[in-house]
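The values are calculated or read from the model by the stated rules, or taken from the named source; none is laboratory data. Note that the structure is a prediction, hence the values are computed from the model and not measured. Here Cβ is always computed from backbone atoms with ideal geometry, including for glycine, and neighbour counts include all displayed protein chains.
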Amino acid sequence: MYENKSQAQMYDRLYQDRKDYDAEAAQVAGFVRARKAGASSLLDVACGTGIHLAAFGKHFDRVAGLDLSEWMADVASERLGGVPVHRGDMRDFELGETFDSVVCMFSSIGYLRTVEDLDSAVAAMTRHLAEDGVLAVEPWYFPDTFLPGHVSTHALGDGHRGISRVSHSTLVDGNVTRMEIHYLVADSEAGIQHRSEIDLLTLFSREDYTNAFRKSGLAVEYVETGGGRPGFFLGTRA
Ligand SMILES: C[S@@+](CC[C@H](N)C(=O)[O-])C[C@H]1O[C@@H](n2cnc3c(N)ncnc32)[C@H](O)[C@@H]1O
């Protein structure tokens, strides 16, 4: 997905413009505090370039991140100074410490392919929860809420560097979505470059998510967030 540092840096620039990371972090901190008032630590699984983590650092005394991509984790480490950013796979990571909250944002869990992988990821996140901790997972869409044919466009620039992004999403193989994304990046020195990627994400059902939480020993609820986002599954120890 992100095969080198420059792609991770492009993601970082683009998505800060596309999403309100501060507001999302504040919302999730609210979900956590409503269930564990004194929560003071948070682990962001699939933290990407660490933009949410920077915001979570304003709400929690101790934060840490984990991502599969060395390039995304590199950009996160540069952004966050001394904050630990681990390399690892959400399905089987083991950090040897627990947190009052573990979160997995921006549908990153949808990159998993099978229900077994989903179960393993939720179990690994749960193992990192403190006794009465809170797990918050932002899913990808569900089979009945995904809109095939969806087109998204976005552009930003400052006169020296600009990025434009278009994407088109379809459904393949029953429950896998295929998002084809094309980027044009203009730089005053390097000129214009084109790159594209194809992201495959799984449409797990609501039951797949709730079963994964329950198998890990968590009571689970689903909360809507509105704004075209897929909501959150929130887990606390049953
Ligand atoms: C859409 S990005 C979201 C990044 C970040 N959470 C954000 O909100 O900007 C998806 C992230 O999931 C990470 N990822 C995908 N599969 C993963 C896995 N199995 N374990 C850990 N991270 C994974 C990718 O490297 C990427 O950084």
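Which condition from (1) surrounded by fewer than 16 Cβ atoms within 10 Å (Cβ to Cβ); (2) in a strand (DSSP E or B); (3) polar (S, T, N, Q); (4) touching a residue at least 40 places away in the same chain (Cβ under 8 Å) is the one that T145 breaks?
Of (1) surrounded by fewer than 16 Cβ atoms within 10 Å (Cβ to Cβ); (2) in a strand (DSSP E or B); (3) polar (S, T, N, Q); (4) touching a residue at least 40 places away in the same chain (Cβ under 8 Å), only one is false for T145: (2).
Can you name the residue in the stretch 101-127 that is within 10 Å of the ligand (Cβ to nearest atom) and within 20 Å of A55 (Cα to Cα) and is also farthest from the chain's Cα centre (by Cα) among such residues?
V103
Can you confirm whether the stretch 227-238 contains a residue that is assigned by TED's automatic domain parsing to the domain that holds K19 and without any contact (Cβ under 8 Å) to a residue 24 or more places away in the chain?
There is at least one residue in the stretch 227-238 that is assigned by TED's automatic domain parsing to the domain that holds K19 and without any contact (Cβ under 8 Å) to a residue 24 or more places away in the chain.
Determine, yes or no, whether A37 is assigned to a loop (DSSP other than H, G, I, E, B), among the small types (G, A, S) and closer than 24 Å to E221 by Cα.
Values: assigned to a loop (DSSP other than H, G, I, E, B): yes; among the small types (G, A, S): yes; closer than 24 Å to E221 by Cα: yes.
Yes; evaluated as a whole, the condition is true for this residue.
Can you tell me which residues in the stretch 86-113 are free of Cβ contacts under 8 Å to residues at least 40 places away in the same chain and farther than 24 Å from K36 by Cα?
H86, R87, G88, D89, R91, D92
Do the conditions hold for E131, that is, is it in the same structural domain as G226 (by TED's automatic domain parsing), at pLDDT below 95 and either touching a strand residue (DSSP E or B) at 6+ places or on another chain (Cβ under 8 Å) or under 15 Å from Y209 (Cα atoms) (or both)?
Yes.
Looking only at the stretch 46-58, filter to residues that are more than 7 Å from the ligand (Cβ to nearest atom) and on the phi < 0 side of the Ramachandran plot; which one of those is farthest from the chain's Cα centre (by Cα)?
Going residue by residue through the stretch 46-58, those that are more than 7 Å from the ligand (Cβ to nearest atom) are 50, 53-58.
Remaining after also requiring on the phi < 0 side of the Ramachandran plot: 53-58.
Working: L53: 11, A54: 14, A55: 14, F56: 13, G57: 16, K58: 19 Å.
Ranking the qualifying residues of the stretch 46-58, first place goes to K58.
Can you name the residue in the stretch 1-18 that is among the aliphatic types (A, V, I, L, M) and within 11 Å of the ligand (Cβ to nearest atom) and is also surrounded by the most Cβ atoms within 10 Å (Cβ to Cβ) among such residues? Steps first, answer last, please.
At the first step, the residues of the stretch 1-18 found to be among the aliphatic types (A, V, I, L, M) are 1, 8, 10, 14.
This time we only want the ones that are within 11 Å of the ligand (Cβ to nearest atom), so: 1, 8, 14.
Details: M1: 14, A8: 22, L14: 18.
Per the criteria, the residue is A8.
For D67, state whether it is of a type outside the set (A, V, I, L, M) and more than 10 Å from the ligand (Cβ to nearest atom).
In short, no.
Could you tell me whether any residue of the stretch 149-159 is among the charged types (D, E, K, R) and either in contact with a Gly (Cβ under 9 Å, 6 or more places away or on another chain) or without any contact (Cβ under 8 Å) to a residue 12 or more places away in the chain (or both)?
The answer is yes; a qualifying residue exists.
Quick test for you: out of I192, I163, pick the one residue that is in a strand (DSSP E or B), more than 15 Å from the ligand (Cβ to nearest atom) and touching a residue at least 24 places away in the same chain (Cβ under 8 Å).
I163
Report the residue count in the stretch 19-45 for those that are within 8 Å of the ligand (Cβ to nearest atom) and crowded, with 23+ Cβ neighbours inside 10 Å.
Residues meeting the conditions: 2.
Do we have any residue at all in the stretch 80-100 that's under 20 Å from E24 (Cα atoms) and within 13 Å of the chain's Cα centre (by Cα)?
The answer is no; no qualifying residue exists.
Examine the stretch 55-72 for a residue that is in a helix (DSSP H, G or I), hydroxyl-bearing (S, T, Y), under 26 Å from T202 (Cβ atoms) and in contact with a Phe, Trp or Tyr (Cβ under 9 Å, 6 or more places away or on another chain), and state whether such a residue exists.
No, the stretch 55-72 contains no residue that is in a helix (DSSP H, G or I), hydroxyl-bearing (S, T, Y), under 26 Å from T202 (Cβ atoms) and in contact with a Phe, Trp or Tyr (Cβ under 9 Å, 6 or more places away or on another chain).
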